[in-house]
1. If you take the residues in the range 88-107 that are open to solvent by 40 Å² or more (accessible area, probe 1.4 Å) and in a helix (DSSP H, G or I), which one is modelled with the lowest pLDDT?
2. Run down Ile117, Ile37 and say which single residue is modelled with pLDDT of 85 or more and either among the basic types (Lys, Arg) or surrounded by 12 or more Cβ atoms within 10 Å (Cβ to Cβ) (or both).
3. Would you check which residues across the range 42-80 are open to solvent by 30 Å² or more (accessible area, probe 1.4 Å) and either under 11 Å from Ile91 (Cα atoms) or modelled with pLDDT under 90 (or both) and list them?
4. Filter the range 27-67 down to residues that are part of a loop (DSSP other than H, G, I, E, B) and within 16 Å of the chain's Cα centre (by Cα) and give me whichever is farthest from Ser97 (Cα to Cα).
5. Just to be sure, is Leu112 open to solvent by 30 Å² or more (accessible area, probe 1.4 Å) and modelled with pLDDT under 70?
Amino acid sequence: TQSHVPFYRFLILSIAEGSDFLGNDVSNNQAEYQGLIEGLTYLANNYISCHGLYVRGDSEIVIRQMEGEYQVRSPNIRRYHHDAQEKLDEIDCNFVSFRHVARDKNWEADQLANESIEHGY
């Protein structure tokens, strides 16, 4: 994946997937948050409930911020973090687990991003 290109991607295993181009003035972390928000929105809008929600991501900053381990200091990221937290509150699940995954192990999401780049979405 071209890490400087601001695409988001999400994959809800066996349920849904998506990706989109966000423009040239968007950081990778903003794009990662947007992908998280889009995936959570899909779950909420389709009333999908689960016992546990397992979120994997290759942005260590986003994962650690969502876990509460890192503070959200950037004004450009605060809105995304807030929106992601609000979406989590809308989902019917007993617990949420966040896990950082190395980018080279996150091939499903990278494939979606590459398809968006190739098709110019």
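The values are calculated or read from the model by the stated rules, or taken from the named source; none is laboratory data. This one's a predicted model, so the numbers in the text were calculated from it and none came from an experiment. Glycine also receives a Cβ, built like all others from the backbone with ideal geometry; neighbour counts cover every protein chain displayed. Remember, those area values only see protein heavy atoms, side chains included, never the ligands or the DNA or RNA. Shrake-Rupley method; radii C 1.70, N 1.55, O 1.52, S 1.80 Å.
1. If we filter the range 88-107 for residues that are open to solvent by 40 Å² or more (accessible area, probe 1.4 Å), which is where we start, we get 89-90, 92, 94-97, 99-100, 102-105, 107.
Still in the list and also in a helix (DSSP H, G or I): 89-90, 103-105, 107.
Values: Asp89: 94, Glu90: 93, Arg103: 70, Asp104: 71, Lys105: 63, Trp107: 57.
It comes out as Trp107.
2. Only one candidate qualifies: Ile37.
3. Listed by number, the residues that qualify are Tyr42, Asn45, Asn46, Tyr47, Ile48, Ser49, Cys50, His51, Tyr54, Arg56.
4. Initially, the range 27-67 is screened for residues part of a loop (DSSP other than H, G, I, E, B), giving 27, 46-49, 58-59.
From the residues that got through so far, the ones that are within 16 Å of the chain's Cα centre (by Cα) too are 27, 58-59.
On the way: Ser27: 24, Asp58: 14, Ser59: 15 Å.
Per the stated criteria, the residue is Ser27.
5. No; evaluated as a whole, the condition is false for this residue.
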